[in-house]
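To keep things clear, I will list the structure first and then write my remarks on it.
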Amino acid sequence: MKSLFRTLVCMLFLSPLMVQAQDSKNTDIQVFPGVLKTAEWANFKYMDVLNKAKTGDQLSIRTFLEFSGTVDGTEALQHATTCIELLSVVSDEVYGAIIAAMKPKLRSVLLTRLPLAQGRTKKEALQKPMQEWAPQTWKALNGERVVCNSCRQEGGLAPAKPGFGIKPGAESTAPVESDKETGKQ
């Protein structure tokens, strides 16, 4: 009887800890040693930027995605796997708006790599078509306009006025309208 009581008491106190451990396991993002080695060589603080990006910091998310232009081969797919898992932690709306503001060449690289990375992730939910679980990101990857209302409220994206507060040579982070939306040909 005493052992049954002890077991029940232990379960009562340990079950919240077990649930919390399972929740943190769901937000774990896979990081690959080869990518870390390349990041070190490139003087890129991979884990620092990733940890900050996990909190939703828009500049860190952008910087992390831009690192896709540095890696190639196997490491490119490994980094893309980390990127796809980061997407599941941060908001689809924010992620999509950041991608929409990137240069077309980088968007093209991400469009090629992220779907391939879906086959490499161990998270089953991320292996489903991206249109289902990350529609804003999918639209942005395919060059469609994505507007992030929460980004503007947080002050993350550039103001709507073109060129306002942008350094010469820097690219705007404001979403760009496609020709379809403006009616231009």
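The values are calculated or read from the model by the stated rules, or taken from the named source; none is laboratory data. Quick caveat: nothing in here was measured; it's all calculated off a predicted structure. Glycine also receives a Cβ, built like all others from the backbone with ideal geometry; neighbour counts cover every protein chain displayed.
When residue 25 is evaluated against the numbered criteria (1) of a type in the set (Lys, Arg); (2) at pLDDT 95 or above; (3) surrounded by fewer than 17 Cβ atoms within 10 Å (Cβ to Cβ), which criterion, by number, is the only one it fails? Of (1) of a type in the set (Lys, Arg); (2) at pLDDT 95 or above; (3) surrounded by fewer than 17 Cβ atoms within 10 Å (Cβ to Cβ), only one is false for residue 25: (2).
If only one of 103, 54, 37 is basic (Lys, Arg) and touching a residue at least 40 places away in the same chain (Cβ under 8 Å), which one is it? Quick ask: steps written out before the conclusion?
Working: 54 fails: touching a residue at least 40 places away in the same chain (Cβ under 8 Å); 37 fails: touching a residue at least 40 places away in the same chain (Cβ under 8 Å).
Result: 103 is the single residue among 103, 54, 37 that is basic (Lys, Arg) and touching a residue at least 40 places away in the same chain (Cβ under 8 Å).
Residues in segment 36-58 that are under 10 Å from the mean Cα position of the chain (by Cα) and crowded, with 19+ Cβ neighbours inside 10 Å: how many? Outline the logic, then answer.
Residues of segment 36-58 under 10 Å from the mean Cα position of the chain (by Cα): 50, 53-54, 56, 58.
Now restrict to residues that are crowded, with 19+ Cβ neighbours inside 10 Å: 50, 53, 58.
Residues in segment 36-58 being under 10 Å from the mean Cα position of the chain (by Cα) and crowded, with 19+ Cβ neighbours inside 10 Å: 3 in total.
Here residue 181 passes the criteria (1) surrounded by 11 or more Cβ atoms within 10 Å (Cβ to Cβ); (2) part of a helix (DSSP H, G or I); (3) modelled with pLDDT under 95 except the one numbered (1).
Restricting segment 59-75 to residues that are farther than 19 Å from residue 104 by Cα and surrounded by 14 or more Cβ atoms within 10 Å (Cβ to Cβ), the residue that is nearest to the chain's Cα centre (by Cα) is 60.
Among the residues making up segment 94-110, those that are surrounded by 18 or more Cβ atoms within 10 Å (Cβ to Cβ) and of a type outside the set (A, V, I, L, M, F, W, C) are 95, 96, 107.
The residues listed here are 62, 145, 120; of these, the one that is under 21 Å from residue 33 (Cα atoms) and touching a residue at least 12 places away in the same chain (Cβ under 8 Å) is 120.
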